[in-house]
1. Only one of A132, A80 is open to solvent by less than 40 Å² (accessible area, probe 1.4 Å), of a type in the set (G, A, S) and over 25 Å from H9 (Cα atoms). Can you tell me which?
2. Looking only at residues that are modelled with pLDDT under 95 and over 27 Å from T278 (Cβ atoms) in region 412-449, which one is least open to solvent (accessible area, probe 1.4 Å)?
3. Can you say whether R116 is in a loop (DSSP other than H, G, I, E, B), open to solvent by 30 Å² or more (accessible area, probe 1.4 Å), closer than 28 Å to A277 by Cβ and not β-branched (V, I, T), as far as the supplied structure shows?
4. Looking at (1) in contact with an Asp or Glu (Cβ under 8 Å, 6 or more places away or on another chain); (2) farther than 28 Å from P11 by Cα, find the lone condition where S91 falls short.
5. Among the residues of region 241-282 satisfying the criterion of being among the β-branched types (V, I, T) and under 20 Å from the mean Cα position of the chain (by Cα), which is farthest from the ligand (Cβ to nearest atom)?
6. Can you work out which of the residues in region 167-222 that are of a type in the set (S, T, N, Q) and surrounded by 14 or more Cβ atoms within 10 Å (Cβ to Cβ) is farthest from V435 (Cα to Cα)?
7. Would you mind finding the one in L345, L361, L324, L350 that is under 19 Å from P238 (Cα atoms), of a type in the set (A, V, I, L, M) and either crowded, with 23+ Cβ neighbours inside 10 Å or at pLDDT below 95 (or both)?
8. Is there a residue in region 126-137 that is outside any loop (DSSP other than H, G, I, E, B) and farther than 18 Å from F34 by Cα?
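The values are calculated or read from the model by the stated rules, or taken from the named source; none is laboratory data. Just so it is clear, the structure is predicted and the values come from calculations on it, not from any experiment. In this analysis, Cβ positions are derived from the backbone assuming ideal geometry, glycine residues included, and neighbour counts consider all displayed protein chains. Keep in mind that these areas ignore ligands, DNA and RNA; they rest on the heavy atoms of the full protein, side chains included. Shrake-Rupley method; radii C 1.70, N 1.55, O 1.52, S 1.80 Å.
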Amino acid sequence: MSYPLDDTHDPKLKSWVESANDPATDFPVQNLPFCVADRAEEPGETDPRICVAIGDQLLDLLEVSSAGLLGADDGDIAMALQFETLDDLASLPTDDRRRLRMRLVELLTDKSDDLRSDEELVGVALFPRAGAELLLPFEVRDYTDFYASVYHATNVGSMFRPDNPILPNYKWLPVGYHGRASSIVISGSPVRRPMGQLLPGATIEDGPPAFGPCKLMDYELEVGFYVGRGNELGRSIPIDKAEEHIFGLCLVNDWSARDIQKWEYQPLGPFLAKSFATSVSPFVVPLEALTPYRCRAMERSSDDPRPLPHLTGDMDRETGGIDLKLEVLLASAEMRKKGIDPIRLSSGNLKDMYWTIAQMLTHHSSNGCNMRPGDLLASGTVSGPKRESRGCLLELTWDGDPFANPPVSKPGSARTPLKLPTGEERKFLADGDEVILRGYCERDGFRRVGFGECRGVVLPAGD
Ligand code: MN
């Protein structure tokens with residue numbers, strides 16, 4: 001593992017920012033996720049600042065750095081903090097990133113009085129998270145989406161190929177496709193229902209497609225990870241170094257138009273069914289913060305092939321996984337109007353993924369493809385073995401059982417709608433629905449760290 005346990009994970013650390021000591025906060029001093037907040041005061045202006053979240057506050061790192069509190073020998077860090085995104089900061093060597101993290105923990109605890117005692121600086125650098133305008137943390141130039149949950153792949157495969165849900169390549173390589181970076185939006189941005197070609201029936205035999213609003217709109221609960229330092233074109237990232245190239249993790253909603261997808265995806269894979277929008281959470285939890293929650297990579301069945309050496313190497317199976325609990329919540333427009341809290345649709349865990357984040361990154365670069373700072377790689381829908389751990393509506397409302405032997409599911413098998421507290425029912429998303437993703441890690445003897453939320457409301461098609 002590239003990021004060992006150190007003093008920054010000490011559960012006894014307390015911050016003088018009192019809200020960070022609340023056991024329920026996502027953002028104790030042991031977390032310190034990065035984000036970019038627009039601090040412009042005049043309308044029409046922008047002033048993006050790199051910040052870390054601490055309790056219910058954000059700490060503006062440019063202000064802290066400009067005051068000389070990050071150390072005179074940290075020119076590279078000071079330079080990186082002047083940019084409007086995390087791209088430069090993420091590409092610094094892991095030692096620099098680690099030193100910054102340790103220094104921020106000092107400044108926010110009683111290990112140092114340098115920040116706390118400077119009331120004027122605190123007044124400028126520390127500001128409430130509520131009401132802050134959070135921006136995309138990276139200038140994402142490339143986005144790749146994987147398919148790393150064998151449960152998700154088995155469920156979806158069972159709908160379309162009941163006798164052969166998992167294709168032969170699945171257990172040899174992390175299947176993925178190139179997504180669209182231009183339509184990545186920050187949490188809170190509304191997402192318009194896409195238009196597309198839809199078949200009127202199950203197959204072309206039932207009639208030709210027509211162009212119209214997507215009827216089967218879905219979310220996908222995913223975890224994203226941003227590339228830190230990249231690799232040169234023509235070189236690959238060895239599996240044992242992969243995590244040094246990963247800056248941090250976030251929540252991703254890979255919105256999906258299932259009817260568009262079903263018609264367009266063969267033979268080259270997802271295209272317009274996915275590229276209309278992808279939502280990301282504003283906070284990037286550094287991989288360093290997740291060390292206490294590392295766990296065994298998913299156990300493969302003894303019948304499964306061992307991955308090839310370039311995807312295993314000396315990789316530590318003991319800590320290849322991440323015990324990251326994930327939830328999807330939904331609030332319809334009517335629920336919000338009546339003041340009804342969002343309801344939880346499902347919960348899953350990143351540790352149930354068949355492929356690790358290191359394997360995904362190494363596979364991606366294994367042909368010499370150059371990864372660049374800020375590239376976003378997403379895990380694919382995080383689904384687990386139980387119905388309540390299915391990470392999208394396509395699976396969640398589907399009545400099939402992919403693990404029945406022999407498979408009993410048929411394409412188009414029945415769906416049981418979800419019932420909302422208003423009496424409304426959903427097989428797929430309706431206009432006005434708000435989807436909320438949450439994630440957090442907890443382990444005995446350590447502080448809980450959270451990822452915040454990734455939200456989006458579905459707008460009607462058209463304008
Ligand atoms: Mn996806």
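1. A132
2. S413
3. Judged against the criteria, R116 is not a match.
4. That leaves (1) as the condition not met.
5. Within region 241-282, the match that is farthest from the ligand (Cβ to nearest atom) is I246.
6. Q197
7. L361
8. Checked against the condition, which is being outside any loop (DSSP other than H, G, I, E, B) and farther than 18 Å from F34 by Cα, region 126-137 yields no hits at all.
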